[in-house]
Structure formats: structure tokens, C-alpha cells
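Please treat every number below as a calculation from the coordinates, not as lab data. Remember, it's a predicted structure, so these values are computed and weren't measured experimentally. Cβ: placed from backbone, ideal geometry, glycine included. Neighbour counts: every protein chain shown.
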Amino acid sequence: MSIFLFTDFGASDIYIGQLKAVLLQQAREVPVIDLLHEAPAFSVQASAHLLAALAPQIPPGSVTLAVVDPGVGGTRGAVALNADGRWFAGPDNGLLSVLAARARVCAYWRIIWRPEQLSESFHGRDLFAPITAAIARGEFPAGKAASTTRLGVEFGGTDLGEIIYVDHYGNAFTGLRAQGLPRDTHIVVGGKWLDHARVFSEVSTGDVFWYENSLGLVEIAGNACNAAEKLGLKLGQQVGIGA
Amino acid sequence: MSIFLFTDFGASDIYIGQLKAVLLQQAREVPVIDLLHEAPAFSVQASAHLLAALAPQIPPGSVTLAVVDPGVGGTRGAVALNADGRWFAGPDNGLLSVLAARARVCAYWRIIWRPEQLSESFHGRDLFAPITAAIARGEFPAGKAASTTRLGVEFGGTDLGEIIYVDHYGNAFTGLRAQGLPRDTHIVVGGKWLDHARVFSEVSTGDVFWYENSLGLVEIAGNACNAAEKLGLKLGQQVGIGA
Amino acid sequence: MSIFLFTDFGASDIYIGQLKAVLLQQAREVPVIDLLHEAPAFSVQASAHLLAALAPQIPPGSVTLAVVDPGVGGTRGAVALNADGRWFAGPDNGLLSVLAARARVCAYWRIIWRPEQLSESFHGRDLFAPITAAIARGEFPAGKAASTTRLGVEFGGTDLGEIIYVDHYGNAFTGLRAQGLPRDTHIVVGGKWLDHARVFSEVSTGDVFWYENSLGLVEIAGNACNAAEKLGLKLGQQVGIGA
């Protein structure tokens, strides 16, 4: 068993350490891996597509705490699910819905347990970390959740023609899966038509292109340059498939 | 036993890995958790208030290495203390003094041990990591420290009417504890009077308000916007309680 | 045994979690320490000098995965080496060559093993993590590599008169080792002649100086100010030794 974390809490910020303190106290022997803490903060749908693309990299049998939750403290529910052998726990706001829709087999639970002390703004620490620890200990659902047949918000499993993430090199991930896409396809963003390249070193320094990245997504990248700056790319910007 | 780290060494920088290499060699089986490495670098007092607010989230029985130390290499001493069952080690520059003043029971030791090789600028790695490891192994004070009755610098346990931290969402933590503060109180900063809200989703997108954050502090926050940018808030800026 | 990571993959980005997922699956019991994930991305030589300066901080008997690899997917080879009892694995592009040149004893292997699925752009996850795990398990070379007598790219072991890293305080590391350098030496950068100081608190607030940092390098630093901003220092900028 192992625990993975996927959040928008910030890798350098004050939140993840507190969350890990809870996991340490409630599932001490279980390794914890930071998958990403810079998920797009106010875009649950972009985060959902990014998490779905990452899911195959997560070992089966593990549990992932996933929180991108701008509506924390409001009326959205809390959910846990098992998709093709991988557990996930998080807000029922669509974040888990893309990977669920793409799974071959998926079982859902509505989390009904609430901690004695639940802050209004940090359910990652107070609610989802204890649930994640319970799953890691094999003590779930065990009265903490009720089986259900679907999620409260469902974005569906189809591709998203948007920029969903920009990495620290300035390469822009799209919500388009590259598999099956002919290599002479053009990717269209901000009025520009981009050619395919297999790998960075195939184009000249400073050139921008698209390629299938290591998560299987269409990525807009530059060789030794910042593609997002160069093309003025922004999170949420529309991306199309040209002829 | 577990080890927590609270520093201004930078979460992405070259320092924490070296410090963890020492902990690995001297306390291999003890889990290490990064609480924060972006503590306000040149403000020991703000850091002291932030650490005091975080302390209840740290499990009793653990040891926290705490270093915000602009005077490293100068004449300040080194100290370890046990506050309500939690160990802390760090520079004797006031950093540990707020949590100590708020503890019900606190015992102090002046660290007299020095390593064979002590760099002028990285006592976190050379001095405080070995002391932290010794505490984690249960081999402290054991000739490494002398009991004492007070700290060299004491900021006291009362609230600090300043911005002590700005998180990556742009929300600004104050050194004011929210408990007992009536919800119709106004928080005054930069000439603005801010209303209370229970939670982000209670106000309109782009609105700035104050609320009790998950550490129990008065926090100036915006719903889906960067409050610090919007109001031009800076670390150390004065914050008052209005009528 | 322990695993150290030195890369340019970004401490906050999406890459290290995936790499750690592989290490967890293939060397579960071995602790993993992040040494640095902000190595100079497009400067292999600067990264090589930084890694060589860090190497003595890494415990003997461990293995370090080191990847700064702008040519990934091209023709460069993959290499593992044991330098004075420390293992390293990474691209054969010079990154490991400075520490190798400075080692008393060094043995080299050309990695011939390739995974079933090798992405074009993320050999850190697909190639170097499995090799690192194999070394950690004591199952290397074992048919995965061929002994060799030298590296494909060798920068040599002499000092580099350049800025090789700027930390989050704005202090600039050079590739010059400070040992043996007289303390009345001036360091010359951008036309400025800088004096030596032993430690930050020895100079006035806002003053810039050079000192021997905790890695033994000549560092250009400021007391409670950002030296790199103040002097307009950039990665790769030339640094000289004055009279």
C-alpha cells in the first residue's frame, strides 16, 4: 500500500506538511508520494483531466488523496472511488470524474463520516487525510461511507481541447490524448498551426512544436525555450486539431 | 518519534536535501516531514508567530528543527526546548519564544555541543540536524546541552498585529488569533475595513474578507482572487482590529 | 543504502512524483532524498560543477540519480559510475564528469538495458529510475551495463569561473573552490571587485561580499539583501579572481 497526493495546496506552502502530519499519525508505515501540489487551482475540470492522464503512473493498490476544491466549506459532497484497482478520495466536484469515466471498472462511495473538528477551509487535512489513511489501513468503508452508483458532478471521459497545465520549462499540456493522432496533424492554438516533432532535439533551438508527452497527451513545447511565453499560452486557452 | 522541519531554506533550494542527508545518517528510521521551508526569511518575529500557530498541528512526542537565522555565524546561541511534550531545536534568536510563552509547561536547554566541522553559514545542517537526530534517538541532552530557565530573546506570547505570511493563493495570515473575536469585528489593513465571512464560497468571486483560518488565525482572503495583490499587502504590514 | 535525486525536473512540477512512483515499486524499502530539482536546466556544465560540489554531502554507499538532459531522445548514451564509493546514474552528457574527474577512484559502466516502454522525453522515469533502483537493490550491472574506461563527454575536474547557481536568497554560487584562496583575494564580476567576509553578519545590511559557502565554493552574497538582483548576476556569467 502507498499514498499519493494530488492537490493545488502548493508544493512550497504551509498545507502539505500539516496533511502529512495527519497521515503519519494515522497510517505511519505507509509511504507518501507527492504527485503534484500545483494542480490548476481554480479549474477543477483541467485538474480532472491532468489527474486522469497521471492515473496510469500510479501503482494499482494505492490510494490517492486528490483535492482541488474552490468550493470547500460549501455544499459539495465528499467521495471515494476505486477505479481499476486504484483508490481515490476527494471532493465530489468532478475532480475524480474523468478518470472514473475512463476506467474499465469503478466503484463509488459517498463519504458520510465527519471529523470532530472540521475546519471550514482545509478539508484536505481534516476530512480527506483521515479517509485516505483509513483506506490505506484497509478500514474503509467500515461505516464511513455509503455505496453509490455515480458522482455528483461528471465531466465525462472525452478529451478536453484546452491547455490544462504549464510546466516549469514553459511546456503546455493539453487535454487531448495523442494516441492515434496522425503525426502530420497540426495543433492549432492562438491562430498558430504547429507541426509535430518526435523529440526536442529534432527541432532547432527556439522552435515550438507539438509532440506526444510522457503522459500520452498532446503537449506544446519548445526546444531550449519557453513555449508558453513565446506563444502567450494561458491555462484554459482553447486548443484545436487542424487538418 | 518523528521529525518536522520549519525553515526559511527554500522548498526548492539546495539546502534541505543536505540537511536530510544528515538526518538519514544519524536517525535513519525516523520519518521526516517538511512543515514549511518558506518561513519569512528576514523576520524572526513573524516566523515565531507562524510556528506557534502551527505547533498544535505537530504530533506530541516529535521533534521540530526550526531555523530562521539571519544572524548565523554571529554570537546568538543555540537552544532546544520541550513545550507541552513537543521538542524543538533552533537558534536562540526568539524563533521558539512565542510557542514557548504559550505552552503550559516548557523546559529549556542551551546547546553547548559543537560539531567538528561547523560551516559559518549552514548551522541547520551542521549543528541543528545532529541535535535533532540526537533528540529523535533519545540521546539528549546527554552532555550536549545545559538546562536553563529562559531564552536569550523572548518576543512573548501575545498576538502580533501584522501580516506574518502570504500563501500561494495570495491569502495573508496575521499574527492575530481569531478565537473569541466577534464575527462582526472589522479587520483594518491599509486603511480598508474588512468584513468577516465564514468561508470563501460565502462571498462573491473577487471579494476580499477576513475569516478564521485552519490554524486559528485571522486571515485576509479573497474568493478565487489574490487578496494580497488586490490590497497590496506585504509581510510585516500592520493589521488592526476595528470596531 | 539510500537514493538521492539531482535533476532539473522542478521541485514543484509533475515529474518527480512519477519518478518516485517507479522507485517505490522497484526499491520500496530504500529512502529517497531530494537533493535538488532546480539544477540549471539548459547548462549541463554548470550542473556538473554544482553536483561535484554537493557530492561530499552525499553518504558513501548511496546511489544518486542525476538528470539534466536537454538532449533527451537524441543520441547521447546513458552511464552509471561509482566514484569513491558513491554510485551515480544519468545521461552521458558530461553531467557526471566533473565529480568523476575529482574522485580518487572511479569505475564506469555504459548502460545498455532499455525498458519495454521508453518515452522520448522522460528517461528519468523510464530508464534512470529503474537503473537506480537496480543499483539500490544490489542488482547492477547484472547484464544491464558494460564496463567502460571513460565518459562520452568530459568537462574535466578544474574550477569553472562562472556563476553556476543562484539560490532563493539571491546568493550566487560560482564554480570556483574557495579552499586555499587567500582571504584578501578580490572576486571580480561584472566589473565589480568584491571583498571577502567570513559571514553575513560581518558586513552591513545591504552589502555584497564573497565568502566560502557551506559547499566550499566561492559565493557572492549579500547581507539581508538579494546579491544577484543588486549586481544583475546571471547564470553562466563570468567570474574572475582579482589580485
### Overall dimensions of the range C:123-175 as given by Cα atoms, namely Rg and Dmax in Å
17.1, 46
### Message
With a 10 Å cut-off between alpha carbons and a GNM built on chain A, which of A:Q45, A:Q26, A:Q57 moves the most?
### Response
A:Q57
## Note on the structure
Note on the protein assembly as shown: alpha-carbon gyration tensor, axes a ≥ b ≥ c; rule is a/c under 1.5 for rounded, else prolate if a/b larger than b/c, else oblate; result rounded
### Message
Just to confirm my numbers, what's the Cα centroid distance between the range C:84-118 and the range B:86-139 in Å?
### Response
38
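Counting DSSP beta bridges in the range B:54-103, what percent are antiparallel, to the nearest 5?
65
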### Query
Given label points at 7 Å from Cα along Cα→Cβ, what nm distances, shortest first, separate A:P60 from the same residue in every other copy?
4.4, 4.4
### Query
Relative to a virtual label point 7 Å from the Cα of B:Q179 in the Cα→beta-carbon direction, which members of the range B:215-239 show backbone nitrogen distances below 14 Å?
B:215-218
#### Entry: Contact order relative to length of the range A:6-83, as percent, for alpha carbon pairs under 8 angstrom and 6 or more apart
41
## Note on the structure
Mean-square fluctuation maximum in Gaussian network of chain A, Cα pairs under 10 Å, restricted to A:H186, A:H196, A:H168, hits A:H168
#### Entry: Inter-copy separations for A:E202, label at 7 Å along Cα-Cβ, nm, ascending
5.5, 5.5
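For A:R137 and C:K192, FRET efficiency with R0 = 56 Å and r from the beta-carbon atoms, rounded to 0.05? Each step should come with its number before you reach the end.
Numbers: r = 60 Å, r/R0 = 1.06.
Efficiency at R0 = 56 Å is approximately 0.40.
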### Query
Measuring label to label, 7 Å along Cα→Cβ, what does B:R114 give against each other copy in nm, shortest first?
5.7, 5.7
### Message
Once you keep just the Cα pairs under 8 angstrom separated by 6 or more residues, what percentage relative contact order results for the range A:121-243?
### Response
26
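Just add up the charged neighbours of C:A228: K/R +1, D/E -1, any other residue whose Cβ is under 12 Å from the Cβ of C:A228.
It works out to a net charge of -1.
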### Query
What fraction of the DSSP beta bridges in the protein assembly as shown is antiparallel, stated in percent and rounded to the nearest 5?
70
### Summary
What helix-only [θ] at 222 nm does the protein assembly as shown give? Using -39500 (n - 2.57) per DSSP H run of at least 4, over all residues, to the nearest 500, the answer is -4500 deg cm²/dmol
### Query
Cα gyration tensor of the range A:1-48, axes a ≥ b ≥ c as square roots of the eigenvalues: rounded (a/c below 1.5), prolate (a/b > b/c) or oblate?
prolate
### Task
For the range A:164-211 and the range B:172-230, write down the distance between their C-alpha centroids in whole Å.
42
### Task
May I ask for the net charge around A:T174, where only other residues with Cβ less than 12 Å from the Cβ of A:T174 are counted and Lys, Arg are +1 while Asp, Glu are -1?
-3
### Query
Suppose R0 equals 51 Å; then what is the FRET efficiency for C:R28 and B:A243 from their Cβ-Cβ distance, rounded to the nearest 0.05?
0.30
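Using r as the Cβ-Cβ distance of C:V105 and C:E229, and R0 as 41 Å, what FRET efficiency do you calculate, to the nearest 0.05?
0.45
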### Task
Would you give the gap between the C-alpha center of the range A:12-71 and the C-alpha center of the range B:40-59, rounded to a whole Å?
25
### Task
Please identify, among C:G157, C:G206, C:G94, the residue showing maximal mean-square fluctuation in a Gaussian network model of chain C using a 10 angstrom Cα cutoff.
C:G206
### Cα gyration tensor shape of the range A:164-243, rounded if a/c is under 1.5, else prolate or oblate by comparing a/b with b/c
rounded
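If you scale each eigenvalue of the Cα gyration tensor by 5 and take the root, what three semi-axes come out for the range A:93-243, rounded to whole angstrom and sorted largest first?
Computed over the range A:93-243, the values are 39, 17, 13 Å.
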## Note on the structure
In chain A the DSSP beta bridges are antiparallel at a rate, in percent to nearest 5, of 70
### Message
Using Cβ counts within 10 Å as a stand-in for footprinting exposure, how do C:W87, C:W113 rank, fewest first?
### Response
C:W113, C:W87
